[in-house]
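The values are calculated or read from the model by the stated rules, or taken from the named source; none is laboratory data. Note that the structure is a prediction, hence the values are computed from the model and not measured. Here the Cβ positions follow ideal geometry from the backbone for every residue, glycine too, while neighbour counts run over all protein chains shown. Each accessible area value is taken on the protein alone, full model and side chains, heavy atoms only, with ligands, DNA and RNA left out. Shrake-Rupley method; radii C 1.70, N 1.55, O 1.52, S 1.80 Å.
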Amino acid sequence: MASSAPLVDHISGLLNLEGLLGEVIAGLLGSVLVAVIVLLFAALAGPYMKRKLTAAFTDRISVDRVGPYGILTIAVDAIRLLTKELIVPENADRPAWDLGPMLVVISATMGFAVIPFGSGIHLADPQVGFVYLFAVSSIASLGIVSGAYASNNKYSMLGGLRGVSQNIAYEIPLVLTGASVVLFAGSLRISDIVAAQSAELFSIGAITVPAWFGFVNPFAFALFMVANLAEIGRNPFDLPEAPNDLVAGYQTEYSSVYFVLFYLGEFLHIFLGAGIITTLFLGGPTAPITALNFIPGIVWFIAKVWGVFFFTQWARSAVPRVRPDQLLDIGWKGMLGLAFVNLLLTAVIIGVIV
C-alpha cells in the first residue's frame, strides 16, 4: 500500500495531463471523486440509515412510504429542507453565523484527503498525514462555537460551550491513543501506517491474519473508539445537542440550507471518524485474511467504515447519555490517564522488542 501512487497521479496518467495545469486539473477531479463518495455515504446515512437502524434497535417502524423500502425519503428530505425559509435570528452576528455550518462541513471533507480508500484511491499522502488528519478534523469545534455564539440564543451558547469543552477533553486522549499507532508504524505517513498492518500477525493453517493494530493493541483500539464517540457527539456523549436540555443545542437557530450543512457535517464527521479508525486500527483497505485479497481494497474499506457507523448508531440507541459533569470526569480523569498509560506501555514494548 505504501508504494501505491496517489489518486492525482493516476488521473494525470489516465488523461495524459502534464505540467502544473495538469496537476491542478487532476487534483480537482480527484477531490470531486472523493467528495462524491463521502457525500453519498452521508446522504444515505443521515435521512435513511440512521432512521432504519434506530427503528430496528428500538423495535419501531421506520420510513417505508416513499419509494422501495422508503429509499426515496433521502430525496424528499433534501427537497423539503432546502426549500424551507432561511430564518436569521434577530441581532445575530451574521458573518459568524454564516461561517459556522460551513466550517463543520469543510473540516470533515478536508480530512478525507489523506485517507486511502483503496489501492491508488488516495488523494494525498504527505509525510505528516497523521498530524494533518487530526488538525483539520478539530476545526469543526470552531464552527460549532461560531454558530453557537452568533445565534444570540442561550441554549445555542450552552450547546456550543459543551461542544468545545467536550472536544478539548477527548481530543487529547484521541491523539495520544493514535500516537501509539505511530510508534508501532514508525511513521506519520498514513500509507506507512496502513502498510505496517499488512504484516503477518499469526497463521492458522492456510489462513494468515494481518497485524492490524486493533489486534496488536486492543486496549488502544477500545480507547480510541470511546473517544471517537465523544468527538462525533454520539451517546453516551451526545451533550452539545441534547434535545431534552437545549432544544437542539448549537444548531437551534438554524434552518433550511444551513441546518442541512450542520446535519451533513455531523454525518461527515461520523464517517471521518470511522475512516480514521479503519485506517489506524483496522488495516485500511486491506483484507482481514490474506485468502480474501482478491476482493478490491475499496470494498473492504467501505465495509469497515460502515461497520464502525453501525456501532455508533448502536451506541446512540442503546447507551444512555451521561451528565455534563460526568462527561468531563470521564475525559479528564479517566480517558486522559488511560491514554498516557497506553502510550507509555507501547513505548516500553517497542523499546524492548527493538
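The single residue among Leu261, Leu338 that is under 24 Å from the mean Cα position of the chain (by Cα), closer than 19 Å to Gly178 by Cβ, among the aliphatic types (A, V, I, L, M) and open to solvent by 10 Å² or more (accessible area, probe 1.4 Å) turns out to be Leu338. For the residues Ala211, Ala291, the requirement of being modelled with pLDDT under 85 and either open to solvent by 30 Å² or more (accessible area, probe 1.4 Å) or among the acidic types (Asp, Glu) (or both) singles out Ala291. For residues in the stretch 214-258 being on the phi > 0 side of the Ramachandran plot and among the hydrophobic types (A, V, I, L, M, F, W, C), which is surrounded by the most Cβ atoms within 10 Å (Cβ to Cβ)? Among those that are on the phi > 0 side of the Ramachandran plot and among the hydrophobic types (A, V, I, L, M, F, W, C), it is Ala242. Selection of the stretch 15-33 for residues being farther than 14 Å from Ala124 by Cβ, open to solvent by 90 Å² or more (accessible area, probe 1.4 Å) and not hydrophobic (A, V, I, L, M, F, W, C) yields Asn16, Glu18. Select from the stretch 294-320 the residues that are crowded, with 17+ Cβ neighbours inside 10 Å and of a type outside the set (A, V, I, L, M, F, W, C) and list them in ascending order. Of everything in the stretch 294-320, those that are crowded, with 17+ Cβ neighbours inside 10 Å and of a type outside the set (A, V, I, L, M, F, W, C) turn out to be Gly297, Lys304, Thr312, Gln313, Arg316.
I'd like the full set of residues that are open to solvent by 10 Å² or more (accessible area, probe 1.4 Å) and under 14 Å from the mean Cα position of the chain (by Cα), limited to the stretch 105-121.
Restricting attention to the stretch 105-121, the residues satisfying the condition of being open to solvent by 10 Å² or more (accessible area, probe 1.4 Å) are 105-106, 109-110, 113, 119, 121.
Answer for the stretch 105-121, where residues must be open to solvent by 10 Å² or more (accessible area, probe 1.4 Å) and under 14 Å from the mean Cα position of the chain (by Cα): Val105, Ile106, Thr109, Met110, Ala113.
The set of residues in the stretch 40-70 that are of a type outside the set (S, T, N, Q), more than 19 Å from the chain's Cα centre (by Cα) and open to solvent by less than 40 Å² (accessible area, probe 1.4 Å) comprises Ala55, Val63, Gly67, Gly70.
Looking at this structure, is Gly331 touching a helix residue (DSSP H, G or I) at 6+ places or on another chain (Cβ under 7 Å), within 19 Å of Val38 (Cβ to Cβ), open to solvent by less than 20 Å² (accessible area, probe 1.4 Å) and assigned to a helix (DSSP H, G or I)?
On the way: touching a helix residue (DSSP H, G or I) at 6+ places or on another chain (Cβ under 7 Å): yes; within 19 Å of Val38 (Cβ to Cβ): no; open to solvent by less than 20 Å² (accessible area, probe 1.4 Å): yes; assigned to a helix (DSSP H, G or I): yes.
It is false that Gly331 is touching a helix residue (DSSP H, G or I) at 6+ places or on another chain (Cβ under 7 Å), within 19 Å of Val38 (Cβ to Cβ), open to solvent by less than 20 Å² (accessible area, probe 1.4 Å) and assigned to a helix (DSSP H, G or I).
Screening Leu142, Leu201 for residues that are surrounded by fewer than 18 Cβ atoms within 10 Å (Cβ to Cβ), within 16 Å of Gly283 (Cα to Cα) and touching a helix residue (DSSP H, G or I) at 6+ places or on another chain (Cβ under 7 Å) leaves exactly one candidate, Leu201.
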